[in-house]
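So the structure is just underneath, and the comments pick up after that.
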Amino acid sequence: MPILTPLYRRFIALKKRGKILFVAVLLLGLWFVFCLPCPLFDVPYSTLVADRKGELLGARTASDGQWRFPPSDSVPDKYAECVIAFEDRHFRHHLGVNPLSMGRAIRQNIKARRVVSGGSTLTMQTVRLMRKNKRTYLEKIIEMILATRLECSHSKNRIIALYASHAPMGGNMVGIDAASWRYFGHSPSSLSWAEAATLAVLPNSPSMMHFGRNRQALTDKRNRLLKYLSDKKILGETDYALAVSEPLPAYPHALPQIAPHLVTRIFLQQPGSHALSTIDKGLQEQTDEVLSRWNAEFAQNGIFNMSALIVDLQSNEVLAYCGNVNFNRKTEANQVDIIQASRSTGSILKPLLYCAMQQEGSLLPIELLPDVPINLGGFAPKNFSLQYDGAVPANEALARSLNVPAVIALRRYGVQKFHQLLQKGGLTTLNKPAEHYGLSLILGGAEGKLWEVAEVYAEMVRSVNDYNASGGYFAPESFCLLKSEGKGDRKKTAEPLFQAGAAWLTLEALTNVNRPEEIDWQFIPSMRKVAWKTGTSYGFRDAWAIGVTPRYLVAVWTGNASGEGRPGLTGARTSAQVMFDLFNLLPATSWFQPPYGDLAEAVVCRESGCLRGINCPETSIDTLLVSPKAVRGSVCGYHKRVHVSDDGRFRVYEECAGNRGITPVAWFVLPPSQEWYFKQQHPNYRSLPPFSPECLAGASGQIMQFIYPFPNAAIKLTKQLDGSQGKVIFELAHRNSSVKVFWHLDEDYVGETSDIHQMAFSPAQGKHRVTVVDESGNSLAIGFRIE
C-alpha cells in the first residue's frame, strides 16, 4: 500500500489535469462555435427602394452618412473573378487561412523590416471589416481563428458577398452596390470587366478613387489585374482590349430619384431596409412627366405643387406614387408629401354622402332636392356658379357638384351619422366631434388626406366588383406600397362600408360629371369613361380630382403646400385635366356590371324623382333601379290634384266654376321660392293658373315666399364709399309674377313692385318686420334684425 500511494497520487493529479484540459478544450470549442458576433456586421445600412421588378427607384444614406447598401446574397461573376484574382487567388481552396500566404508575408516583412504584406485571405479581410480593430499581431491571430469559424458556417459565395458589401470603395462609398451606382450609374449586375476590375482593386487603396487625382495610378492598377485575367484565359483578347481602353468615370453619378417621396416615406418607416415596392417604374416615370408638364403650365399662375396616386384596384397595389413635383427644389415646399398631408376636402366627399343615402333609402337617384338660397343658423352656402336651379335631381346635383342640395341632403342624413361613416372609412383627420364641423363638413369644413380619401373611393369600386364576382363583401383593405404587404385570403364581412347597389348607383352618377361653368368635359373626345369627382376648397387653395374604373383609381391634388390660394385653382380646371391624362397612360377596361342582386325596381315619378304618388299622371311614371331600401323612400308630393276651367286659364272650385266649367288635372307644383328659380332654367315649367275672379274668396295655398332674407335673419349693413348707410335688398317669389305687390316696413308703406319683386331697404339698427300684400289681398310677413 505505501508503494501504491505515490502512483495513486500521480494518477489523481493526472486525472485532475485531464478534467481541466477537457474543460479547457470544451470551453475553447464552445467559444469557437459561438465566437462569431450576431449579426456579423453591426453597422447601419442605406435604405433602398426598388420597383415591383427589382429596379432601383431611390436610396437614402445610412445613419452614419455612408452609402452602404444592405448586403446581397451574391455578387456578379465578373466581380468575383476579379476580386479573387487580386486579393486571394486560392480563396476557393483554403479554410479561411492560407499558410503559404502567411509564410510569404512573414518572410517579406522580416526582409523589409516593416509590414509590407499582411497575408490575409478574403475571409480574414471580411473578419477585419467586421471587427474594425487596430491591426496588431494578436488581432491577426483572432482574425485567423474567426476566419476559420466563418468558413465553417458560411459558403464561399456568401463570404465573398459579405466582403463585397462592406469593402471601402472611396469617399463615403461602401460595398460594390453603392459604388457601382455612384461611379458607373447602374447596378452591379451590369458591370463591365473594366468596371469590375476597378472595384476589385479599390478596397486595397480606396483613396485612389478620386475624380481629380490618382487616375493614372488607379488605371495602371486596374489594367495589371486585367492583364493577369487575360493571361489566365479568364478574359478573351477582345474583352481584354475593350476593357483596358475603357476610361475611368469622369464624374460621380447621381443615384436614381424616382418616386422620391415614397423613398423618403419608407426611409422614415423602415430605415436600413431594402424594400421591394409595388411601383411600376415605367408608369411612375410617365406619371412624373405628365405632372411636370402640367406643373410648368400651372406655375405661371403661381400654383407650384401637385401630387398623384395611381392604384391597381384588382391587386390593391399602388402603381405610381408622386408625393409632389420638383423634389430637388427647396423653394416651394416641393419636398412635402402631399399624398399624406391634411388638406381641405372641398366637395370631394359629396359622393360618399350620396352613396350612404342611397344605401339607407333616404334619397332616390333622381329625387328632387331644393336648390335655392338658404340660411341655416347663420350658415349660408352658395353654389360655385352663384346660380340656383330651384330644384334639381339628386344625381345631377352630384354630377354638377351643387353645394346647396348637398347641404340640404346632409341635414336630412345627419352630420353625426356622416361623421361616423367617414371615420369608419378610415379618415383619421376627423379628430374633432361632429358638432365642430356641422353642415360645412360636406363643403370642405374638414380636412382629409389624398391617400385616405382615395381608399374610401376604392371601397365603392371593391363592393361592386366583389359582389359581382362572389355575391358577397370583404373587409376594407389599405393600399399596398410594398410587395411584402400583400395579404393572403381576404376576410369576408356582412357589414361593408358601402353595399354594391348603392355604390353602383353612385358610380353611374359620377360618369355624368359636368362643370360647364368651368370646362365642358362632354366635348373632349379623348375622355375615357370614368366615374370621377372634383373638389375645390374655400379660397381656391386645394383642387382635388379622383376617378375610378373597375380596374384603376387615379387621385390628383393641385395647389400650394403653403396654403396660398390662387384664382382659377379649381378641381375641374387643374387636377381633373391631369387625372384624365394619367388615365390615358393606363389600359382601357370594361365597365361595371349592375349588381342586380342588390338592386330593386321602383316605380317613380319622372318629374319629382320620388316614388309614384297618388296624383302622379301615367305619362310621368317610369321604372328605375334603386337600392333595396329605397322602395320605401319618399313618395311624390309635388303632383297636386287641382281643378281648372275648361280652357285651362283659371283654377276653380265646383261651387264657383259657373259657366267656365271644371276639369280635374294633376299639376306638378314646386314651392314658390323653388319655382321662381326653376322657371328660369326650365321654360317649359307651367305655374299654377290664377284663381278665377269668382273663386278668389275661397283661394288657398302658398302664393308667395320670401327668397331673401331668411326668417329672423341677422343682417349687417356696411357703409357705402360716400359714407352713406348701405341697403339690404329683399326678394320675393310670387306664383303670378305680373301681379302687383305692396311693401311695408314695420308700419310704413314703402312701395310696390311687379314682374321682378325686389325692394331695397335701409332700416335702422334693431328688430324690424316686412309685410307684403298682393293686389288679391294675400299677405306675407317676415322678421329680421339689423346689427
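The values are calculated or read from the model by the stated rules, or taken from the named source; none is laboratory data. Everything quoted here is computed from the prediction, not taken from an experiment. So basically every Cβ, Gly included, is an ideal-geometry build from the backbone, and we count neighbours across all protein chains shown. Note: accessible area is taken over every heavy atom of the protein model, side chains too, but ligands, DNA and RNA are not part of it. Shrake-Rupley method; radii C 1.70, N 1.55, O 1.52, S 1.80 Å.
For region 637-660, the criterion of a residue being closer than 30 Å to G597 by Cα, in contact with a Gly (Cβ under 9 Å, 6 or more places away or on another chain) and assigned to a strand (DSSP E or B) is satisfied by no position. For region 98-116: of the residues being at pLDDT 65 or above and of a type in the set (K, R), which is most open to solvent (accessible area, probe 1.4 Å)? Here the answer is K111. When the test is whether a residue is open to solvent by 30 Å² or more (accessible area, probe 1.4 Å), closer than 25 Å to V461 by Cα, in contact (Cβ under 8 Å) with a residue 24 or more places away in the chain and of a type in the set (S, T, N, Q), S315 passes it. Only residues in region 569-586 that are within 19 Å of Q284 (Cβ to Cβ) count as the first member; pair them with residues that are modelled with pLDDT of 95 or more and of a type in the set (G, A, S), Cβ under 7 angstrom, at least 6 apart or cross-chain, and list the lot. Listed by first residue and then by second, the contacts come to S575/A543; S575/A545; V578/A308; M579/A545; M579/G547; L582/A308; F583/G547. Taking the listed residues T238, T264, T278, the one that is touching an Asp or Glu at 6+ places or on another chain (Cβ under 8 Å) and within 30 Å of S192 (Cα to Cα) is T278, with no other qualifying.
Scanning region 487-507 for residues that are touching a residue at least 60 places away in the same chain (Cβ under 8 Å) and either of a type in the set (A, V, I, L, M, F, W, C) or open to solvent by less than 60 Å² (accessible area, probe 1.4 Å) (or both) yields L497, F498, A500, G501, A502, A503, W504, L505, T506, L507. Please specify each residue of region 279-309 satisfying the condition of being farther than 22 Å from A59 by Cα and outside any helix (DSSP H, G or I). Answer for region 279-309, where residues must be farther than 22 Å from A59 by Cα and outside any helix (DSSP H, G or I): G302, I303, F304, N305, M306. Picking from residues in region 769-778 that are open to solvent by 60 Å² or more (accessible area, probe 1.4 Å) and closer than 17 Å to D755 by Cα, the one that is modelled with the lowest pLDDT is S776. Number of residues in region 158-190 that are within 21 Å of L235 (Cβ to Cβ) and surrounded by fewer than 23 Cβ atoms within 10 Å (Cβ to Cβ): the value is 4. Residue count for region 125-146 satisfying the condition of being over 50 Å from the mean Cα position of the chain (by Cα) and not polar (S, T, N, Q): 12.
In this structure, P256 qualifies as at pLDDT 90 or above and touching a helix residue (DSSP H, G or I) at 6+ places or on another chain (Cβ under 9 Å). Taking region 338-444 as the region of interest, the strands (runs of 3 or more DSSP E) fully inside it that hold 3 or more residues being farther than 18 Å from A509 by Cα and open to solvent by 20 Å² or more (accessible area, probe 1.4 Å) are 342-344. Does any residue of region 75-97 turn out to be at pLDDT 90 or above, touching a strand residue (DSSP E or B) at 6+ places or on another chain (Cβ under 7 Å) and among the acidic types (D, E)? For region 75-97, residues at pLDDT 90 or above, touching a strand residue (DSSP E or B) at 6+ places or on another chain (Cβ under 7 Å) and among the acidic types (D, E): absent.
Residues in region 564-597 that are in a loop (DSSP other than H, G, I, E, B) and either within 30 Å of L625 (Cβ to Cβ) or among the aliphatic types (A, V, I, L, M) (or both): L569, L585, L586, P587, A588, T589, S590, W591, F592, Q593, P594, P595. When L150 is tested against (1) within 41 Å of the chain's Cα centre (by Cα); (2) open to solvent by less than 10 Å² (accessible area, probe 1.4 Å); (3) at pLDDT below 90, only condition (1) is not met.
Scanning region 598-612 for residues that are within 12 Å of A630 (Cβ to Cβ) and in contact with a strand residue (DSSP E or B) (Cβ under 9 Å, 6 or more places away or on another chain) yields L599, A600, E601, A602, V603, V604, G609, C610, L611.
S478 is checked against (1) over 30 Å from K281 (Cβ atoms); (2) open to solvent by 50 Å² or more (accessible area, probe 1.4 Å); (3) modelled with pLDDT of 90 or more and fails just one. What number does that condition carry? If we test S478 against (1) over 30 Å from K281 (Cβ atoms); (2) open to solvent by 50 Å² or more (accessible area, probe 1.4 Å); (3) modelled with pLDDT of 90 or more, just (1) comes out false.
A Cβ distance below 6 Å, combined with a sequence gap of six or more or placement on separate chains, defines the contacts here; from region 433-458, residues that are farther than 29 Å from G377 by Cα and of a type in the set (D, E) reach residues that are open to solvent by less than 10 Å² (accessible area, probe 1.4 Å) and not in a helix (DSSP H, G or I) in the pairs E452/L427. Residue under question is F668, and the condition is that it be surrounded by 14 or more Cβ atoms within 10 Å (Cβ to Cβ), over 24 Å from M759 (Cβ atoms) and either in contact with a Cys (Cβ under 7 Å, 6 or more places away or on another chain) or modelled with pLDDT under 85 (or both); does it hold? No; evaluated as a whole, the condition is false for this residue. Against the list (1) within 19 Å of L450 (Cα to Cα); (2) open to solvent by 50 Å² or more (accessible area, probe 1.4 Å); (3) assigned to a strand (DSSP E or B), the condition L276 fails is (1).
Of all residues in region 647-671, those that are farther than 19 Å from E618 by Cα have Cβ atoms under 6 Å from Cβ atoms of residues that are of a type in the set (K, R), 6 or more apart or on another chain, in V652/R660. If you go through region 671-712 and pick out every residue that is open to solvent by less than 50 Å² (accessible area, probe 1.4 Å) and of a type in the set (G, A, S), you end up with 5. Scanning region 265-301 for residues that are in contact (Cβ under 8 Å) with a residue 40 or more places away in the chain, closer than 26 Å to W67 by Cα and among the polar types (S, T, N, Q) returns Q270, S273, S277, T278, Q284.
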